[in-house]
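The values are calculated or read from the model by the stated rules, or taken from the named source; none is laboratory data. Treat the numbers as computed from the prediction; the structure is a model and nothing was measured. Positions of Cβ are generated from backbone atoms using ideal geometry, with glycine treated the same way; all protein chains shown enter the neighbour counts. Each accessible area value is taken on the protein alone, full model and side chains, heavy atoms only, with ligands, DNA and RNA left out. Shrake-Rupley method; radii C 1.70, N 1.55, O 1.52, S 1.80 Å.
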Amino acid sequence: MKQIPMLDLQLEYQYMKTDIDTAIKKCLDHQKWILGPEVKELEDTIAKFLGVKHCIGASSGTEALVLSLRALAIKLKGQEYFDETDEIITTPFTFTATGDAILRAGATPIFVDIDPATYNINPIKTREYLTQNLKHKTQNSSNIVGIIPVHLYGQSCNMDEIMKIAREYNLFVLEDVAQAFGGTWNGPTVPAVGLSKGSRQKLGSFGTTGAFSFFPSKNLGGFGDGGMVSTNDDELAELMGMLLKHGGKDKYNVDHIGYNARLDTLQAAILLAKFKYIDEFNERRRKIAEIYNRELSNVSGIVLPVNCSTTQPDDKGTSRNHDGHVYHQYTIRILNKRRDALQKHLKEKGIDTMVYYPVPLHKMRVFDGRYKMNGDLTESEKAVREVLSLPMEPLMSEEAISCIIHTIKKFYHE
Ligand SMILES: *Cc1c(COP(=O)(O)O)cnc(C)c1O
């Protein structure tokens, strides 16, 4: 039986082999393994691509999140870390690292429920937390400092609403772009450098900072760990650059509690080679998503990802941004408690699927007693039981897509 994996990195390597091998060979020739020329070249290339002033390579997406928050603490508070009374709003329906970075930076995560249509943080609930908290604010009460929107599965959060809230309440915005390299949001209110108002704006260029991951399975992935931060703020860029090199401009005489969190030259070289294909690959993902959408649209019991290229943001603040979705994952919702049975059925037919994510952050032990939440988190708790991500390999054959669709339909019609 032929196996259909979630992703086929071997296939992608073969497709770009000449570019990647040449890039690696160049590194072998120059031997500049730490902050070699490829790191700067990748930073400049991605800064231009995003339309931001600064991009800085980091050792992972997780470190990119931590570097952002630490630099923000230093800039905003003049302290190495945030305090527990400093609150940072985010979604509980994300990868562990988003919330963990908040703890590592010394602050308290505030979990706000998701919009069930997009699985992204609900701006209305976010506003609800802010207004309620401000109403009850006493002198020693906590202080909401920022928000981390996560562009889950490659789909933009409603950045119009989030930036509006951030301006109203004077919050920083750290975009978690780990799953959405090249994704856009189509309603910019604050255009990025060099972009006119009204043009599509790249994710990672809206917030105070953006954090990217180049983990091998991400839509722009290296051959090991890697990440990047983006910002238009000169001071934050300088601080993040220092923190990732032990905390100083001179690593033998440092100013801050730093990390060794540089992006490897070798990873940068590989990523530069793969970057050439990112637009093509994101487009291939959209094409595959279109096929899934079309073929699965009449299967009752399945909720497809929102496909609303013709509608505008609705009154619930839901993002309706089909074109900017890069489908890092193609994720469907399986109703009537049949998710696990469908997953088992697909597995038996040789088709891999994944549940991103089986446990919401507020149910994890690491966050026990260390978080606060806005109201209930019902939609997040429902999503973990119902979501299923299907194989999304940009180079996947039409035959494989048909097989997946056929197998799902068969499950429902048996
Ligand atoms: C992958 C991921 C991260 C962490 O990136 P790493 O490079 O694995 O450290 C953070 N947030 C989200 C949403 C992710 O998907």
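The table below gives the values:
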read-out: Rounded to the nearest 10 Å², the accessible area of Cys403 at probe 1.4 Å; value: 50
read-out: GNM top mover of Val254, Val145, Val39 - the chain, alpha-carbon springs below 10 Å; value: Val254
read-out: Whole-angstrom Cα spans of the stretch 74-174 along principal axes, big to small; value: 38, 29, 19
read-out: Hits among lysines - C-alpha to C-alpha of Lys17 under 19 Å, sequence gap 8 or more where chains match; value: Lys25, Lys26, Lys218, Lys274, Lys276
read-out: Segments 246-253, 113-120, 374-381, 292-299 sorted - mean Cβ within 10 Å per residue, highest first; value: 113-120, 374-381, 292-299, 246-253
read-out: Listed residues Ile401, His345, Ala166: farthest to the positive end of the dipole of the chain (Cβ charges); value: His345
read-out: Solvent-accessible surface (1.4 angstrom probe) belonging to Ser205, in square angstrom, nearest 10; value: 10
read-out: Extent along principal axes [Cα atoms of the stretch 10-99; Å; largest to smallest]; value: 52, 30, 25
read-out: Charge dipole of the chain about the Cα centre (unit charges at C-beta), most positive-ward option of Asn282, Gln3, Asn298; value: Asn298
read-out: Length-normalised contact order of the chain in % [C-alpha pairs under 8 Å, at least 6 apart]; value: 23
read-out: D (Stokes-Einstein, µm²/s), Kirkwood Cα radius, the stretch 6-57, 1.567 mPa s at 4 °C; value: 101
read-out: Rg followed by Dmax, in Å, when the stretch 346-390 is reduced to its Cα trace; value: 13.9, 43
read-out: Estimated 222 nm signal from helices in the chain, with DSSP H stretches of n ≥ 4 weighted -39500 (n - 2.57), rounded to 500; value: -12500 deg cm²/dmol
read-out: Bins of 20 Å from zero: percent of alpha-carbon pairs in the chain; value: 27, 58, 15, 0
read-out: For the stretch 141-166 versus the stretch 260-291, the gap between their alpha-carbon centres in whole angstrom; value: 25
read-out: Average accessible area per residue (Å²) across the chain - probe 1.4 Å, nucleic acids and ligands excluded; value: 43
read-out: Potential lengthening between Glu290 and Thr85 on full extension [0.36 nm per residue; Cα-Cα distance subtracted]; value: 69.3 nm
read-out: Accessible area (Å², 1.4 Å probe, nearest 10) - Phe223; value: 100
read-out: Accessible surface of the chain, 1.4 Å probe, proportion on carbon and sulfur as whole %; value: 51
